[in-house]
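The values are calculated or read from the model by the stated rules, or taken from the named source; none is laboratory data. These numbers come from a predicted model, not from an experiment. Cβ coordinates were reconstructed from backbone atoms using ideal geometry, including for glycine residues, and neighbour counts include every protein chain displayed.
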Amino acid sequence: MLAYPQGDLDVDVTQVLLAHRYTMMPGLEMDAYRQGRNMHGMVCPIDGAGEYFFSTGQISRLSPGQIALIPASAAYRVRAADGRPFEHYTVNFLGNGDTLPPWIPRGGMYVLSPKDPALFMARFQELTDIWQRMRAGYRMNAKARLLSILAEYLCQCLSQNVDPGAYSRTLPARRRIETDYAQPLTLAQLAQECGMSPGGFRRVFTRVYGQPPIAHLMRLRVEKAKELLLIGSSLEETARLTGFSDVNYFIRYFKKATGMTPGRFRLMF
């Protein structure tokens, strides 16, 4: 099993909201998240299969032997496939979405075929039992079990799908983005952090994180802007603190990235 590069991955779990075993009957479609989730979720199929249709256009089929993580804000509908019931464990939880690895698609799901599906099945069953018994300390115990599941899940995702060498090489740039996102960073500066040429750095970074470095920087700026707007920061202050030199450009970019103006976002949330 591959260790996390330099211990970097550390997903925040603030609170477990739900852990249950659920059966979706054929012919029914669940669209409660059509407008988007406000919590993260993990799904562990037991029997049958589910088809997930995301607003991004992603269509995923989830079957026994697979585990999925669905970030908050993903919008989708799901139905049982093949005319059979879709039985699965679901765990919903709150946590800082910025701590999820960038290669987890924010508008879809990331599906893992683990090395030992039975191990995951047992852990989901244990977490569900803890939640349903509601004994003293059950929320903390549920959080501990979920963190254990997430750690194993992310470790296996990393070892199966991400080149650890490329991840480690680009890590200095990602850390620079996360600490200095309000500064006028350039591709050349970020490449220099990693001791790479701009072209080579851009290719490797995109392969690891699923998006070019400047797109990753802009996504983080928007997420930080959301946090500032929700605590009452003015548009001018939010733009300045997130690296947008011009408030009008900030408004245009925010609307392009989220589908709504900063003012509308603040009213809705």
### Message
For region 152-169, check the following and say yes or no: at least one residue is under 23 Å from GLU87 (Cα atoms), in contact (Cβ under 8 Å) with a residue 12 or more places away in the chain, assigned by TED's automatic domain parsing to the domain that holds ALA19 and more than 17 Å from the chain's Cα centre (by Cα).
### Response
no
### In region 69-94, the residues that are surrounded by fewer than 16 Cβ atoms within 10 Å (Cβ to Cβ), in contact with a strand residue (DSSP E or B) (Cβ under 7 Å, 6 or more places away or on another chain) and of a type in the set (D, E, K, R)
ARG77
### Task
Those residues that are over 26 Å from ASN38 (Cβ atoms) and crowded, with 16+ Cβ neighbours inside 10 Å, I need them from region 95-125; list them, please.
PRO114, PRO117, MET121
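Confirm whether PHE86 is farther than 26 Å from LEU147 by Cα and outside the structural domain of VAL222 (by TED's automatic domain parsing). Write out each step before concluding.
Values: farther than 26 Å from LEU147 by Cα: no; outside the structural domain of VAL222 (by TED's automatic domain parsing): yes.
Spelling it out, it is not the case that PHE86 is farther than 26 Å from LEU147 by Cα and outside the structural domain of VAL222 (by TED's automatic domain parsing).
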### Message
So the check is Cβ under 8 Å with 6+ separation or different chains; which pairs have a first residue in region 49-65 that's outside the structural domain of ARG77 (by TED's automatic domain parsing) and a second one that's at pLDDT below 95 and buried (at least 16 other Cβ atoms within 10 Å of the Cβ)?
### Response
none
### Task
Return only the number of the condition from (1) part of a helix (DSSP H, G or I); (2) farther than 22 Å from ASP246 by Cα; (3) at pLDDT 85 or above; (4) out of contact with any Cys (no Cβ under 8 Å at 6 or more places or on another chain) that GLU178 does not satisfy.
(2)
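What about LEU9, is it touching a residue at least 24 places away in the same chain (Cβ under 8 Å) and touching a Leu at 6+ places or on another chain (Cβ under 9 Å)? Working first, answer last.
On the way: touching a residue at least 24 places away in the same chain (Cβ under 8 Å): yes; touching a Leu at 6+ places or on another chain (Cβ under 9 Å): yes.
Taking the combined requirement at face value, the residue satisfies it.
Could you tell me whether ARG145 is part of a loop (DSSP other than H, G, I, E, B) and assigned by TED's automatic domain parsing to the domain that holds ARG37? Even if it seems obvious, please write down each step before you answer.
Values: part of a loop (DSSP other than H, G, I, E, B): no; assigned by TED's automatic domain parsing to the domain that holds ARG37: yes.
Here the answer is no, as ARG145 does not meet what is asked.
Just to be sure, is ILE214 free of Cβ contacts under 8 Å to residues at least 60 places away in the same chain, surrounded by fewer than 19 Cβ atoms within 10 Å (Cβ to Cβ) and among the hydrophobic types (A, V, I, L, M, F, W, C)? Steps first, please.
Details: free of Cβ contacts under 8 Å to residues at least 60 places away in the same chain: yes; surrounded by fewer than 19 Cβ atoms within 10 Å (Cβ to Cβ): yes; among the hydrophobic types (A, V, I, L, M, F, W, C): yes.
Here the answer is yes, as ILE214 does meet what is asked.
Looking at region 259-269, which of its residues are buried (at least 16 other Cβ atoms within 10 Å of the Cβ) and not basic (Lys, Arg)?
We begin by selecting, within region 259-269, every residue buried (at least 16 other Cβ atoms within 10 Å of the Cβ); these are 262, 265-266.
Passing the criteria: PRO262, PHE265.
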### Evaluation of SER233 against (1) buried (at least 16 other Cβ atoms within 10 Å of the Cβ); (2) hydroxyl-bearing (Ser, Thr, Tyr); (3) over 22 Å from the mean Cα position of the chain (by Cα); (4) in a helix (DSSP H, G or I) (one fails), failing number
(4)
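With the condition kept exactly as written, say whether any residue in region 161-171 is modelled with pLDDT of 95 or more and crowded, with 19+ Cβ neighbours inside 10 Å.
To start, the set of residues in region 161-171 that are modelled with pLDDT of 95 or more comprises none.
The answer is no, given that none of the residues of region 161-171 is modelled with pLDDT of 95 or more and crowded, with 19+ Cβ neighbours inside 10 Å.
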### Query
Just checking, which of LYS256, LYS224 is part of a helix (DSSP H, G or I) and loosely packed, with under 14 Cβ neighbours inside 10 Å?
LYS256
